[in-house]
Amino acid sequence: MDITDVGQLWDMPLLNAPAHAEWDTHASKEPRMHRIHPYPAKFPAFLAERGIGYARSAGVRVKTVGDIFCGCGTVAHEARRLGLGFWGCDINPVATLIARTKSADLCPIEFRSILARVMRRAPKAKGDIQLAPSARERLSRWFRPEQFADLAKVLNAIRQVLPEPSPLQDAYLCTFSAILKPCSQWQQRAIKPTLDVGKHPPEVFATFMKHALSVAQAIEESGDLSRSPTAVIELGNALSVGLPKRQIDLLVSSPPYVTSYEYADLHQLSSLFLGYTDDHRQLRDGSIGSTQHDFRLAKGIRDLNRTATRTVFSLYEQDKRAAQSVANYFIDMQAIAGRARRIVRPGGIAMFVIGNTKYRGVDVDNASHLTESLLLAGFKTVRATKRSISNKAATPYRTATGKFSRTQTSNHIYSHEYVLMAHR
């Protein structure tokens, strides 16, 4: 594959990096397993396979793949589908639940058998669950009493039929999680939390049954994964989670953006209903670039690399608070580059897919910053290509609720992103 060698020219922006069509789209339809649970800014599955192909063409023998921002487990599933080992982590418990489900070796016959038992128990199950007052108050904002009661019945039935942690329990909790937004007063198709009091949500039991049958189809389509090494999915901060027992051959990851949505807010219904937290805001702690960090700009500026320093000083003239937020993000991403070098074996490759953004009117060159960070962390070279994001080219803006739009708003979306290949 023809990819530009950035080499040591990390102080130059990547805006002129050539685009290569093979990184834009994939001819075949994405496996159904990647659609079992909605997830914002989902990593395109075909990019994982492209990355593996690139690494092999570069002479890397790929047996293990990793992802330090594994999200809903797209790379995990693709690795197992291709017979490879996988290690990954994410700070979001809803994400790791989905990732464990997508990378598990499940039997469709057993899954359907459990479904019949759950549906028999659900109508007779208790229509309430144990919740902290704060969680109950928050959920009451999103669910009508009758919807909440039926959802509680389904969840209690799942826990009665599958009382112990297992891949099957994960699969059913994931299925349950996927129907929470449709069955709530969350505005249809809105990404950001947006209340729609006039919405008429569908009947819970029928919605759960329909989605569970779709998950069963996805499991059937995935085939037998038992011959692949078991995937390891860790719940934890990418900067502090325990490293894999052995260094991996290829890291494939898509970091969060400095202006990304708060995933804790987007998954609050699942986090609260499943008991992962009593207050979804607590799950923001430790996220990359989080404003929870106590970063002192005057003192911490010396820790920023060249690209970061230029951007932060440009922002500082516009908005001091925004400058601090971006500095938080850059400091964390520089640390991520160092973690990546520790995770990837000598001779291996770290692949990052990342786009640039605009913050308070200032262009934030995330791709150049990460390239510089990877080289300073000790990677020998970084090769880069630009890929188009077709749906964002047609609808380059988002509305206040997160919907794609052709109408100009303050939330502009870039129509391309960069694939960085850091050679260890």
_the stretch 160-184 - residue that is without any contact (Cβ under 8 Å) to a residue 60 or more places away in the chain, open to solvent by less than 10 Å² (accessible area, probe 1.4 Å) and part of a loop (DSSP other than H, G, I, E, B) and, of those, farthest from Arg117 (Cα to Cα)_ = Cys183
*At least 2 residues that are of a type in the set (Ser, Thr, Tyr) in each: list the helices (runs of 4 or more DSSP H) lying fully within the stretch 190-280 that qualify.*
204-222, 268-273
_Glu137 being modelled with pLDDT of 95 or more, among the charged types (D, E, K, R) and closer than 16 Å to Thr207 by Cα_ = no
*So Arg360 clears everything in (1) at pLDDT below 95; (2) open to solvent by less than 10 Å² (accessible area, probe 1.4 Å) except one condition, right? Which one?*
(2)
*Any residue at all in the stretch 104-113 that is of a type in the set (Val, Ile, Thr) and either open to solvent by 40 Å² or more (accessible area, probe 1.4 Å) or not in a loop (DSSP other than H, G, I, E, B) (or both)?*
yes
*For the stretch 123-148, how many residues meet the condition of being over 25 Å from Asp265 (Cβ atoms) and outside any loop (DSSP other than H, G, I, E, B)?*
3
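Residue by residue, here is whether (1) among the aromatic types (Phe, Trp, Tyr); (2) closer than 25 Å to Ala384 by Cβ; (3) open to solvent by 30 Å² or more (accessible area, probe 1.4 Å) holds:
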{"site": "Ala48", "(1), (2), (3)": "no, yes, no"}
{"site": "Ser57", "(1), (2), (3)": "no, yes, yes"}
{"site": "Val60", "(1), (2), (3)": "no, yes, no"}
{"site": "Lys63", "(1), (2), (3)": "no, no, yes"}
{"site": "Ile68", "(1), (2), (3)": "no, yes, no"}
{"site": "Ala79", "(1), (2), (3)": "no, yes, no"}
{"site": "Gly83", "(1), (2), (3)": "no, no, yes"}
{"site": "Pro93", "(1), (2), (3)": "no, no, no"}
*Listed residues Gly83, Gly53; which is free of Cβ contacts under 8 Å to residues at least 60 places away in the same chain, within 27 Å of Pro346 (Cβ to Cβ) and not charged (D, E, K, R)?*
Gly53
*Considering the stretch 320-357 alone, what residues qualify as being touching a residue at least 24 places away in the same chain (Cβ under 8 Å), among the charged types (D, E, K, R) and open to solvent by 40 Å² or more (accessible area, probe 1.4 Å)?*
Arg341, Arg342, Arg345
_List pairs: first residue in the stretch 221-246 and more than 23 Å from Leu82 (Cα to Cα), second residue assigned to a loop (DSSP other than H, G, I, E, B) and not hydrophobic (A, V, I, L, M, F, W, C) anywhere in the structure, Cβ distance under 6 angstrom, at least six positions apart or on different chains._
Asn237/Gly286
_Residue that is farthest from Arg246 (Cα to Cα), among those in the stretch 313-357 that are of a type in the set (S, T, N, Q) and over 19 Å from the mean Cα position of the chain (by Cα)_ = Gln318
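The values are calculated or read from the model by the stated rules, or taken from the named source; none is laboratory data. Here the structure is a predicted model, which means the values were calculated and not measured. Neighbour counts are summed over all protein chains in view; Cβ atoms, including those assigned to glycine, are modelled from backbone coordinates with ideal geometry. Just the protein is used for accessible areas: all its heavy atoms, side chains included, with ligands, DNA and RNA removed. Shrake-Rupley method; radii C 1.70, N 1.55, O 1.52, S 1.80 Å.
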